[in-house]
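Asker: Can you read through this structure? Questions will come right after.
The values are calculated or read from the model by the stated rules, or taken from the named source; none is laboratory data. Everything numeric in this text was worked out from a predicted model, so none of it was measured. Backbone-built Cβ (ideal geometry, glycine too); neighbour counts: all protein chains shown. In case anyone asks, the SASA skips ligands and DNA or RNA and just uses the protein heavy atoms, side chains included. Shrake-Rupley method; radii C 1.70, N 1.55, O 1.52, S 1.80 Å.
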Amino acid sequence: MVSNFAPFYVMATAFNAGSSVLTAALVHALKDAGHKVGVFRPVQPALPTTVVPSDEGDPVLEALIALSGSDIPFDDCCGIPPMELVEDRDGAISTIVKRFNAVRDNVDIMVVLGTDYSNPLADEFNLNAELALNLGARLLLAESAKDRDATTLNSIAWTAVKHLRKNRLQPAALLISRVAADSAVEFEEFSAEIRDSLEGLDLPVYTAPDVPQLHAPTLYELRKAVNGTLVNNVSDELLSKEATSVVVAGVSNEHILDHIEDQCVVVAAADRTSTLEALIENQKNPDTPNIAGIICPAGTKFSNGLDQIAADNSIPVITTDMGTYQTAAAIDATRGILRPSATNKLDLARKFADEWMQITPLDELLATPAPIAVTPLMFQYNLLERAREDIKHIVLPEGEDDRILQAAHIILEQGFAKLTILGDPDSIATRAKQLELNIDDAELLNPETYEDKEKFAETYFELRKHKGISMDDARQKMTDISYFATMMIYLGMADGMVSGAAHTTAHTIRPSFEIIKTKPGVSTVSSIFLMCLRDEVLAFGDCAVNINPTAEQLADIAASSAETASQFGVEPRVAMLSYSTGSSGAGEDVEKVREAVEILQGKDLPYPVDGPIQFDAAVDETVAAAKAPDSEVAGKATVLVFPDLNTGNNTYKAVQRTAGAVAVGPVLQGLKKPINDLSRGALVEDIVNTVAVTATQAQAIQEN
């Protein structure tokens, strides 16, 4: 099943922002609306001090799963321990993306709960933003109005949203929880004041009423917080009740009853006989507030038979060795956690969701814009998933190179392509064993002893005899691994080729010009680099093949680049680059670009094209607003076509080295079958990615 909606990522701005309650409400509302909901927590929380024996692992996540009605196992919905992020942030985020997508494929919509700021991580705010970006999720920014006025909320929200936007992440909505009010009218007045103060954010703002019991700790949790001992044998139902306030019995027993509030917990020393008797006796009156529990601090002992009275009453009584002040402080610092054992809190969460969705329609949240950014991790994940959809057969001619064997091991392990590796099978197998690599599922083929190599030569002779070559020339060509591998593709023995780790670009691609040739309607073989930046993937073309293309060739390169980019999930918005923008410049080079744009705009293309345009105006919204305010491409270009090889090659290398971008390519385009070249300094990861790219190109060619 493919998800119907972009995921939601509920991200708190800081500790105790009410994000888990808002997430619970959203999960319940989606489930109640008939959606199959998946929940996910990317980073396991630090083990809470209020863990109850009946709970395991992450009680909040367990409660969310229960609210979703999902049959997805807990372990599948759970991310990684925080220390993995400390040790290897990139690797950890990659693991999170894989685990998340494994769940996402089986539901209609995913709801992700961000970290709770209890972890040993230096910068959880930016981490949550990065995770939301890499999961392709709509970011719901959560903040609490508890003990805050509109001015304070304004300052917090503006700071958070500006920081996110500066890092190219646009929140979908701002959720303000715990808006305290004594009436519906007062709630709406305070909500209106909050929305008015945040109007300049240009962001939907939704408020939610304060339900103290949703955030209050249970007696189970308070007993753990004070390391206490339960004196009497009360029911689990009473221990699951929330304590919404704390009262310290510092006054005489005749006055303590004046301070009792409904569902409060009272801190009273065990040797204050008259006070405890008054509290217990008072509970027999149905017209008085209910006490949630009594906690007796300082290790004091019951006197005058009070221990039996305490044991016999129906109010939970807990003793602790902590002092009175420490006990009160621990109670005040303990926050209630959604957990499966807190059945009352789960029921409250469902009721809260029903009421909240009356003032915050679910349809409005579902209509918030889905993110369009494609991060490198998203790109790589989608690339491998696309390759797995229809396994293609790729030939790797350079079997003597260790990097090829290491990449083959990964490719076969991940199962996204079939492989033929050229070279001496015995030597390849021996070397793989020495490197502790498993390439058993690859076909090992020796061109020198291949039984049908004469057929290869005959086929090549028929293709090239008009150029005056002889059969001996053809046989000699077939001793070259690049020609041999290209002929395998021509004859349908493989779907694509990746080479160049140990050979020049010319050596790799020249045979394709002679044997494979260009696709119908394409006259120019060109290339793009897929530039994986921190928060987006851009296509740069042509940076490897054509030295000084004509206007017609530039138009051809642009069309091929847009088509290739779209194959890899990059929505084409084509910028034809020059040293001037619009009509501001003149000269032969600018006119060539302008002519290429006119050729493209005359083809009724399904994507926007603009130019001449400078690089900064193409990719920076601020510059675009000044230089090309009416352009559909300026400020948001995804396909950048350079006017010549000198400009393109130097620019891609500059971006690669100074911006830390991962450059996938060059990806050759315009051929009938995919042939792709590697840099001779290619890393194993580069080879793996290029094989996946080649397999995806082969799929697209077959589809067309």
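A quick yes/no check of all residues on (1) open to solvent by 50 Å² or more (accessible area, probe 1.4 Å); (2) more than 30 Å from Tyr381 (Cβ to Cβ); (3) in a loop (DSSP other than H, G, I, E, B); (4) small (Gly, Ala, Ser):
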| residue | (1), (2), (3), (4) |
| --- | --- |
| Leu405 | no, no, no, no |
| Leu437 | no, no, yes, no |
| Asp440 | yes, no, yes, no |
| Lys455 | yes, yes, no, no |
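Asker: Collect the residues in the range 134-178 that are crowded, with 24+ Cβ neighbours inside 10 Å, of a type in the set (Gly, Ala, Ser) and out of contact with any helix residue (DSSP H, G or I) (no Cβ under 7 Å at 6 or more places or on another chain), keeping them in residue-number order.
Answerer: Ala137, Ser144
Asker: State yes or no: is Ala330 open to solvent by less than 30 Å² (accessible area, probe 1.4 Å), in contact with a His (Cβ under 7 Å, 6 or more places away or on another chain) and more than 30 Å from Gly415 (Cα to Cα)?
Answerer: It is false that Ala330 is open to solvent by less than 30 Å² (accessible area, probe 1.4 Å), in contact with a His (Cβ under 7 Å, 6 or more places away or on another chain) and more than 30 Å from Gly415 (Cα to Cα).
Every residue, every condition in (1) assigned to a helix (DSSP H, G or I); (2) at negative phi; (3) in contact (Cβ under 8 Å) with a residue 40 or more places away in the chain; (4) out of contact with any Gly (no Cβ under 6 Å at 6 or more places or on another chain), yes or no:
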position	(1), (2), (3), (4)
Glu462	yes, yes, no, yes
Gln476	yes, yes, no, yes
Thr486	yes, yes, yes, yes
Met493	no, yes, yes, yes
Val498	no, yes, yes, yes
Phe513	yes, yes, no, yes
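Asker: Can you pull out every residue in the range 470-491 that is farther than 22 Å from Ala442 by Cα, open to solvent by 40 Å² or more (accessible area, probe 1.4 Å) and touching a helix residue (DSSP H, G or I) at 6+ places or on another chain (Cβ under 7 Å)?
Answerer: Listed by number, the residues that qualify are Met471, Arg475, Lys477.
Asker: All but one of (1) part of a helix (DSSP H, G or I); (2) over 13 Å from Gly670 (Cβ atoms); (3) not charged (D, E, K, R) hold for Ile509, so report the exception by its number.
Answerer: (2)
One line per residue, one yes/no per condition, for (1) assigned to a helix (DSSP H, G or I); (2) without any contact (Cβ under 8 Å) to a residue 60 or more places away in the chain; (3) open to solvent by 40 Å² or more (accessible area, probe 1.4 Å); (4) of a type outside the set (A, V, I, L, M, F, W, C):
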position: Val234; (1), (2), (3), (4): no, no, no, no
position: Gly250; (1), (2), (3), (4): no, yes, yes, yes
position: Leu257; (1), (2), (3), (4): yes, yes, yes, no
position: Asp262; (1), (2), (3), (4): no, yes, yes, yes
position: Ala269; (1), (2), (3), (4): no, yes, no, no
position: Lys284; (1), (2), (3), (4): no, yes, yes, yes
position: Ala292; (1), (2), (3), (4): no, no, no, no
position: Ser303; (1), (2), (3), (4): no, yes, no, yes
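Asker: Another question, if that's okay. Considering only residues that are over 21 Å from the mean Cα position of the chain (by Cα) and open to solvent by less than 50 Å² (accessible area, probe 1.4 Å), which ones fall in the range 380-396? Working first, answer last.
Answerer: So the first thing to find is which residues in the range 380-396 are over 21 Å from the mean Cα position of the chain (by Cα), and the list is 389-396.
Selection gives Lys392, His393, Ile394, Val395, Leu396.
Asker: Can I ask one more? Checking the conditions here, which among Val39, Val27 is within 20 Å of Ala353 (Cβ to Cβ) and either in a helix (DSSP H, G or I) or open to solvent by 10 Å² or more (accessible area, probe 1.4 Å) (or both)?
Answerer: Sole residue among the options that is within 20 Å of Ala353 (Cβ to Cβ) and either in a helix (DSSP H, G or I) or open to solvent by 10 Å² or more (accessible area, probe 1.4 Å) (or both): Val27.
Asker: Quick check: anything in the range 445-459 within 29 Å of Ala432 (Cβ to Cβ), touching a Gly at 6+ places or on another chain (Cβ under 7 Å) and hydrophobic (A, V, I, L, M, F, W, C)?
Answerer: No, the range 445-459 contains no residue that is within 29 Å of Ala432 (Cβ to Cβ), touching a Gly at 6+ places or on another chain (Cβ under 7 Å) and hydrophobic (A, V, I, L, M, F, W, C).
Asker: Taking the conditions exactly as written (in contact with a helix residue (DSSP H, G or I) (Cβ under 6 Å, 6 or more places away or on another chain), open to solvent by less than 70 Å² (accessible area, probe 1.4 Å) and not small (Gly, Ala, Ser)), does Thr244 satisfy them or not?
Answerer: So Thr244 fits the description; yes.
Asker: Now, a different point. Can you confirm whether the range 492-506 contains a residue that is more than 21 Å from Arg403 (Cα to Cα), surrounded by fewer than 16 Cβ atoms within 10 Å (Cβ to Cβ) and under 41 Å from the mean Cα position of the chain (by Cα)?
Answerer: yes
Asker: Scanning the range 75-98 for residues that are in contact with a strand residue (DSSP E or B) (Cβ under 6 Å, 6 or more places away or on another chain) and part of a helix (DSSP H, G or I), which turns out surrounded by the fewest Cβ atoms within 10 Å (Cβ to Cβ)?
Answerer: Filtering the range 75-98 for residues that are in contact with a strand residue (DSSP E or B) (Cβ under 6 Å, 6 or more places away or on another chain) and part of a helix (DSSP H, G or I), the one surrounded by the fewest Cβ atoms within 10 Å (Cβ to Cβ) comes out as Thr95.
Asker: The conditions are (1) farther than 23 Å from Ala700 by Cα; (2) in a helix (DSSP H, G or I); (3) open to solvent by less than 10 Å² (accessible area, probe 1.4 Å); (4) not acidic (Asp, Glu), and His466 fails exactly one of them. Which is it?
Answerer: His466 satisfies every listed condition except (3).
Asker: May I pose another question? Within the range 343-364, is there a residue that is crowded, with 18+ Cβ neighbours inside 10 Å, of a type outside the set (Ser, Thr, Tyr) and outside any helix (DSSP H, G or I)?
Answerer: no
Asker: Further question on the same structure: Can you find a residue that is in a helix (DSSP H, G or I), over 26 Å from Ala33 (Cβ atoms) and among the small types (Gly, Ala, Ser) anywhere in the range 142-151?
Answerer: Yes, because at least one residue in the range 142-151 is in a helix (DSSP H, G or I), over 26 Å from Ala33 (Cβ atoms) and among the small types (Gly, Ala, Ser).
The rows are residues; the columns are (1) touching a residue at least 24 places away in the same chain (Cβ under 8 Å); (2) under 21 Å from Ile489 (Cβ atoms); (3) more than 28 Å from the chain's Cα centre (by Cα).
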position	(1), (2), (3)
Val623	no, no, yes
Ala628	yes, no, yes
Glu632	yes, no, no
Gly635	no, no, no
Val641	yes, no, yes
Ala654	no, no, no
Ala659	yes, no, no
Leu668	yes, yes, yes
Asn676	yes, yes, yes
